[in-house]
Amino acid sequence: MAFEKVLIANRGEIAARIARSAKALGLRTVAVYSEADAGAAHLATCDEAVAIGGLSTAESYLDQEKILEACRVSGAQAVHPGYGFLAENADFARRCHDARIVFVGPPVEAIALMGNKAEAKRRMVQAGVPCVPGYQGHDQSDAVLREHAAEIGYPLMVKAAAGGGGRGMRLVTSAAGLDAALQSARSEARNAFGSDELILERAVLHARHVEVQVMADGHGHVIHLGERDCSAQRRHQKVIEEAPCSVMTESLRAAMGHAAVQAAQSIGYMGAGTVEFLLAEDGQFYFLEMNTRIQVEHPVTELVTGLDLVAWQLRVAAGEKLTVSQEQVTLQGWAMEARLYAEDPFDGFVPQTGTVLDVRWPQGEGIRVDQALAAGMAVTPYYDPMLAKVIAWGPDRDAARRRLLHALEDAAVLGVGTNRAFLQALLRHPVFVAGKATTDWIDGQLMLDPPRRPEASEVLWALAAVLFHVRRAAALPLAPGLRYWCSALDMDAPIKLSCRERIEPLRIRAVSPNVFQVSRGEQCDAVQEVATIRLLAPGHAGVISFADGAGHRNTVHAAWETSEVLHLAATGFEGSFRDVLMLSPAQRGGTASGHCMAPMAGKILAVKVEPGARVKKGQALCIIEAMKMEMEVPSPIDGVVQEVLVQPGLQVKPRTLMVRIEPAGQEAA
């Protein structure tokens, strides 16, 4: 190859995945890491690693000079940017070329052109690629945008020209909401991308998001590798992706594939890229955008084509010709990918941070997991909340869906909340099972009756109590035979546990060293039996095997955060149990009703109230940003603001007191 060592300018699962293919090609690999990622698992997947400092992305993975210096220090002759960060930054690609470092990606001109939605759409119109009617002109005045919005008609989409990932995007249903949408979209686009240029497009409702993977070499050969259906989205962020698309026909695939190749050829493309389309209910498709990088969802294409897309990126960047013709590309079976996020889908999808206590990944036929997690790693607010990608292949769609569902049931990330249960609910939902999900399904129809948070079963409550009891007993300085002995009767051990909002007083009676009867109640003479638990493989962490009183055997994954906090993951549950009696009031989570607390670790973007202001319950008090998500924090009560303890730019931890409010009616007290 034209280079022997490649630096991976990224982190997490994509850095580990790139390293795997690079090593298979005989390349040496270099990782980079920020201060927050000093203990990250992706470092161990590379041959060497260079520290680039900083906590935020601006101080580390987005700092072009630091990445280029890491190349010089390590002797890397090529840079693979992965996705996100600098992957679609034309200036960085240009600086790599100027420094005689191979940029594993398309030409600078193609990145710059496709990086601006307005320019990209103008070029696609010229190339004859079907586009959604809209406005992508240079005049950005409100008056001109209002005029074109009226011509396009409502509903319409306002989009950041330099945007992506759903940021700076607003759906406007009538002229009355246009001005507010323009203002908020500009603000978000300016903060996220440094440009507030907007485009307008007719809203294609109830559409599917179908994208076509293309691959091009530097010798004029361009092919497509079939399509992916990415319609299962929340707030324009993909949740589950699959290949192929369930409503695709051979003629439609040929037409969309031809349009994608035409788009790539019109801009002199090279490398892996994705041309994204909206597929309307009437079968018409429209160009949406082109991503000039490897996609998060590329594994599903790899599983149905048998091709290593990252390896081909590296080979094309080294000057090799494509050895696969369009006729040789065949799609075998079906593949689905679920994005495992550090977020709470049952509480507004609030990002979750913390320390990973333990992880367990599924194995089996047709299962693939792209991840870079390890016990002891910190999940911080500085980066995207995606933890891993769980992918399944099957001979048909339903087989792939069932395999993915079972794989998620077997997965566990303990110590940090995830969206695992939400993903399982989506995969079981009749709309998804029937292959009828559209881009507005999750935010629309599904949220009318959203999935409920899975609660711990009675058996899990009993098991948690037993595990606390066994841990306590093991710490006692007694001989094993004396731990459960009483001179009169078998002795009940009281314990009070909490799990989320539920608190249970429980009592445990040891029948034998491995068999325990668990009851509910405060007093010995007024208890209700919950379950009998037999520990089959006693232990304080890892996989716990047990049986209930009926002999039904099962396993859970367990990890201790502290001696008072136990995390459990079972097939339909993931959460933590706390020993209420051993926790301080602050640890129990109790706060005054007028205390507005930070729901997550993050940075304060704005404070919207001042001391003395009257507020209503639900009124926005602050805006906090974490893991690329902005969230308004509402007032918990009606009242008067007594104290504001945060300011824009401040980094806060979860449950930091931000605003103190005096309840209505008590102001004069």
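Looking at the structure I just gave you, is Glu59 assigned to a helix (DSSP H, G or I) and out of contact with any Pro (no Cβ under 7 Å at 6 or more places or on another chain)? When the stated conditions are applied, Glu59 does not pass them. Quick one: would you say Glu250 is acidic (Asp, Glu) and touching a residue at least 12 places away in the same chain (Cβ under 8 Å)? It is false that Glu250 is acidic (Asp, Glu) and touching a residue at least 12 places away in the same chain (Cβ under 8 Å).
The number of residues in region 143-179 being over 31 Å from the mean Cα position of the chain (by Cα) and β-branched (Val, Ile, Thr) comes to 2. Applying the condition of being closer than 24 Å to Leu86 by Cα and among the hydroxyl-bearing types (Ser, Thr, Tyr) to region 269-309 and asking which residue is surrounded by the fewest Cβ atoms within 10 Å (Cβ to Cβ) yields Thr274.
Going by the conditions given, is Glu241 touching a strand residue (DSSP E or B) at 6+ places or on another chain (Cβ under 7 Å), among the charged types (D, E, K, R) and within 30 Å of Thr57 (Cα to Cα)? Against the criterion (touching a strand residue (DSSP E or B) at 6+ places or on another chain (Cβ under 7 Å), among the charged types (D, E, K, R) and within 30 Å of Thr57 (Cα to Cα)), Glu241 qualifies. Cβ-Cβ contacts under 6 Å between residues 6 or more apart (or on different chains), taken from a first residue in region 204-228 that is among the acidic types (Asp, Glu) to a second residue that is not in a strand (DSSP E or B), are listed as Asp217/Val316; Asp217/Lys321; Asp217/Leu322; Glu227/Pro244; Glu227/Cys245. Counting just the residues of region 102-141 that are of a type in the set (D, E, K, R) and over 19 Å from Arg167 (Cα atoms), which one comes out surrounded by the fewest Cβ atoms within 10 Å (Cβ to Cβ)? Going through the qualifying residues, I end up with Asp139. Being touching a helix residue (DSSP H, G or I) at 6+ places or on another chain (Cβ under 9 Å), of a type outside the set (Val, Ile, Thr) and either assigned by TED's automatic domain parsing to the domain that holds Ala272 or not in a helix (DSSP H, G or I) (or both) narrows it down to one of Glu109, Glu88, so name that one. Selected residue: Glu88, the only one of Glu109, Glu88 that is touching a helix residue (DSSP H, G or I) at 6+ places or on another chain (Cβ under 9 Å), of a type outside the set (Val, Ile, Thr) and either assigned by TED's automatic domain parsing to the domain that holds Ala272 or not in a helix (DSSP H, G or I) (or both).
Any residue at all in region 596-607 that's outside any strand (DSSP E or B), over 29 Å from Leu566 (Cα atoms) and modelled with pLDDT of 90 or more? Taking every residue of region 596-607 in turn, none turns out to be outside any strand (DSSP E or B), over 29 Å from Leu566 (Cα atoms) and modelled with pLDDT of 90 or more.
Is at least one residue of region 333-347 touching an Asp or Glu at 6+ places or on another chain (Cβ under 8 Å), buried (at least 21 other Cβ atoms within 10 Å of the Cβ) and part of a loop (DSSP other than H, G, I, E, B)? So far as region 333-347 goes, no, none of its residues is touching an Asp or Glu at 6+ places or on another chain (Cβ under 8 Å), buried (at least 21 other Cβ atoms within 10 Å of the Cβ) and part of a loop (DSSP other than H, G, I, E, B).
The values are calculated or read from the model by the stated rules, or taken from the named source; none is laboratory data. What you see is a predicted model; the values in this text were computed from it and never measured. No Cβ is skipped: glycine too gets one built from the backbone with ideal geometry, and neighbour counts run over all protein chains shown.
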